[in-house]
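Structure, as structure tokens:
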Amino acid sequence: MTYDSNNIFAKILRGEIPSHKIYEDEHTLAFMDVMPQCDGHCLVIPKAPSRGLLDTDPAVLALVMPVVQKVAKAAVAAMGADGFQLRQYNEAAAGQTVFHLHFHIFPMKEGVPLRGHVGKMADHEVLAEQAKAIKVHLT
Ligand code: AMP
């Protein structure tokens, strides 16, 4: 399987479509998921192109994972969550719908189940507020 540079996250990286950004550095971008499965559902992606975990250069993973940790910590604090899930889907058979490597962060509260994968679009004002709240907790 090859990387298709017309995927939606590549377009976000090129600034062709908007996103609610949380964090950006030379190698990574974190932004809100537009069809959130919980409050504060966000995504962390490398800027380098790869479809999933298996075709990603380990050197890229080494740059992305500290950002996953940093954003997860901030998202949990901002949402007042009790914990979080980290998920990453590889290929359609496993549920992947956007073919640019991404890590899902789901801040979770005791007893509150996740909503369905790729469900309802969120209100953009709510996403903007959540992105702002998460940014405040970035250290
Ligand atoms: P996956 O199914 O693991 O490939 O996840 C793709 C995720 O991207 C889903 O949770 C979608 O809700 C999310 N998504 C799709 N389009 C956008 C977009 N334009 N901005 C932010 N998130 C998106």
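Any read-out appearing in this document is the output of simple, stated calculations on the displayed coordinates, not a laboratory observation. Note that the structure is predicted; figures quoted are calculated from it, not measured. As a convention, Cβ positions derive from the backbone with ideal geometry for all residues, glycine included, and neighbour counts pool all protein chains shown.
Go ahead and collect, in residue order, the members of the range 107-125 whose backbone nitrogen is under 14 Å from a label point 7 Å along the Cα-Cβ direction of Met35. Those under the cut-off are 115-123. Going by alpha carbons, how many degrees (0 to 90, nearest 10) lie between the helix axis of 58-79 and the longest principal axis of the chain? Here the helix axis deviates by roughly 20 degrees.
Need the full-extension length gain, Ala93 to Val118, defined as separation in residues times 0.36 nm minus the C-alpha distance. One decimal, nm. Mind dumping the intermediate values first?
Numbers: separation 25, 0.36 × 25 = 9.00 nm, distance 1.48 nm.
Result: 7.5 nm gained on full extension.
Using the Cβ-Cβ distance between Lys109 and Met65 with R0 set to 30 Å, the FRET efficiency from 1/(1 + (r/R0)^6) comes to roughly 0.75.
Compared with the dominant principal axis of the Cα atoms in the chain, helix 124-136 is inclined by about 90°.
Below 15 angstrom from the Cβ of Thr2, what's the summed charge of the other residues (Lys, Arg +1; Asp, Glu -1)?
Details: positive: Arg51; negative: Asp4, Asp55, Glu91.
Once all neighbours under 15 Å are counted, the net charge is -2.
Taking the convex hull of the alpha carbon positions in the range 14-132 and averaging its projected area over all directions gives 7.4 nm².
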